[in-house]
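What follows is one structure encoded as structure tokens, with my remarks underneath.
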Amino acid sequence: MSHFIAKTRQHRRKLAEPMGDTDPYVPDGDRPVRVRARALTADTHFEPHRHAWGQLAYCGTGIVQVFAAPDDPMLQAVSYIVPPSRAVWIPPGMRHAVTVLETAELRTLYVHADAAPPGWDGSRMIVVSPLLRELVQAMDADTRRAAEPSRDQLLIRLVLDELAHADTQTLGVPLPRDKRLRALCEAVLNAPGERATLAEWAANTGASERTVARLFREELGTTYQQWRQQAVLAHALPLLARGTPIAQVAAATGYASDSAFSAMFKAAMGHPPTRWGAHAH
């Protein structure tokens, strides 16, 4: 497990560094909402950076992982795994990093700070409604009818209204500020199928199991098992959404049997994993 800890420490240091906008793309200031579509291969990675505009990360196909790291010490960094049925809001100026987990058609909505939904000061995951999905497609620079500015303005107003009323979903995995606990949490995220106890993970951080358990309570307000369940769900939902057999999902998330995984899933989500496809789209 020590190699998982070492791998994540470098990523954590990069997220902690002050970053400018490393993306050369500049949205058109005359339009408060712009859509940028890109086809990205698996393992594509965007180093930590920030934008002056708000950003909604959404995949038409594929899966991405988004790390959002707010500057405000009162707000926690969060890791999101994003399937096509979900999108992640990153407010203007927030540092974030993106990794493509499965070849993706990434469609990024850039939203001017003045047009961002009121109160959306932190990152959040939203449910992508069928209407929002079609609006994003209609606003894609490659498909929109640019010669019709009045239609463009109507689409923008509809997008902003749909965002403001979108359902949120608490599937982000909070990350702590303590360096030892942060390294442990990121290592677990990088190896969701690793069946290790808290004591075994703690041994690689230089802290005792008791200390790490206390840090979970103090920094995240939860136990290790409760936090790991959130991490498991974040990893499992995209797999289920694309039709991966439950037995394979259970093995990929460290469960000894599909029945044990299914029982955890139903207790957490209110319905069995066999129904996730219907809930995801």
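Relative contact order for segment 176-280: 24 percent, from Cα pairs under 8 Å spaced at least 6 residues apart, divided by residue count.
Put in order of Cβ neighbour count within 10 Å, fewest first, the listed residues VAL98, VAL159 become VAL159, VAL98.
Put simply, the amide H of THR222, placed in the peptide plane, has neighbours under 5 Å in ARG217, leaving out anything fewer than 5 places away on its chain.
In terms of surrounding Cβ atoms within a 10 Å radius of their Cβ, TYR25, TYR58 rank from fewest to most as TYR25, TYR58.
Phi angles of segment 33-43 translate, via the Karplus equation with coefficients 6.51, -1.76, 1.60 and θ = phi - 60°, into HN-Hα couplings of 10, 10, 10, 10, 9, 9, 8, 10, 7, 4, 6 Hz per residue; Gly and Pro are given as x. Here the 3J(HN,Hα) profile of segment 243-257, calculated from phi with Karplus coefficients 6.51, -1.76 and 1.60 at θ = phi - 60°, is x, 5, x, 4, 4, 5, 5, 4, 5, 5, 10, x, 8, 6, 8 Hz, Gly and Pro shown as x.
Each reported figure results from applying straightforward, stated rules to the coordinates on display, with no laboratory input. The structure presented is a predicted model; accordingly, all values stated were derived computationally and were not measured. All Cβ positions, even for glycine, are placed from backbone atoms using ideal geometry, and neighbour counts span all protein chains on display.
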